[in-house]
Structure formats: structure tokens, C-alpha cells
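What follows is calculated from the coordinates using simple rules that are stated; it is not laboratory data. Keep in mind that what you see is a predicted model, and the values were worked out from it rather than measured. Glycine also receives a Cβ, built like all others from the backbone with ideal geometry; neighbour counts cover every protein chain displayed.
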Amino acid sequence: MKKILGAVLAVGQYLCNFAAVVLSIYLLNRWNQERTLDPTFDAFNPWWPGLVLLALGAVFKLARKGVAVQSGIQK
């Protein structure tokens, strides 16, 4: 069970990190296009969603470490 949980957490971690990079690039590109069309455009910071996903990826990584430590102790 712990191996399956570790695998699920690993997939979640890598998926969050990948999504953070792709989303940040997309939003930054979109934000730059809007700024080009309207210099007074002052919308949200395009980095926040990517940073949130990176933080979620870090939570998955910590959870993986916790599962690995727990399975090592119980052996």
C-alpha cells in the first residue's frame, strides 16, 4: 500500500511541477500580449498560479518523504 501511495504522490509532484511551468509560461505570454495591446493593462500577477502549483508540488514531495520514512521505520 505504501508503494502505491508513494507512486501516486510522485506522479502528483511531477504533474504539479510540469503544470506550474507550462501555466506560468502561458500566463506570462498572455500577460505580455495584453500589455502590448494596452500599456495601462494592470491585471493579476501571472506568476502566482505557477507558484501555488510549485508549492503544491513541494507538499507532494514532503508527503513522499514522510511515506518513505514511515515505511523504513516499520520494516
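Mean separation of Cα pairs under 8 Å and 6+ residues apart, divided by the residue count of the chain: what relative contact order is that in percent?
Values: 54 pairs, mean separation 37.4, N = 75.
Relative contact order of the chain: 50 percent.
Report the per residue volume, in Å³, of the convex hull enclosing the C-alpha atoms of the chain.
55 Å³
Ranking request for peptides 47-56, 26-35: highest mean number of other beta-carbon atoms within 10 Å first, then the rest in descending order.
Descending packing order for the listed peptides: 47-56, 26-35.
Counting each DSSP H run of 4 or more residues in the chain as -39500 (n - 2.57), what helix-only mean residue ellipticity at 222 nm follows after dividing by all residues, to the nearest 500 deg cm²/dmol?
-30000 deg cm²/dmol
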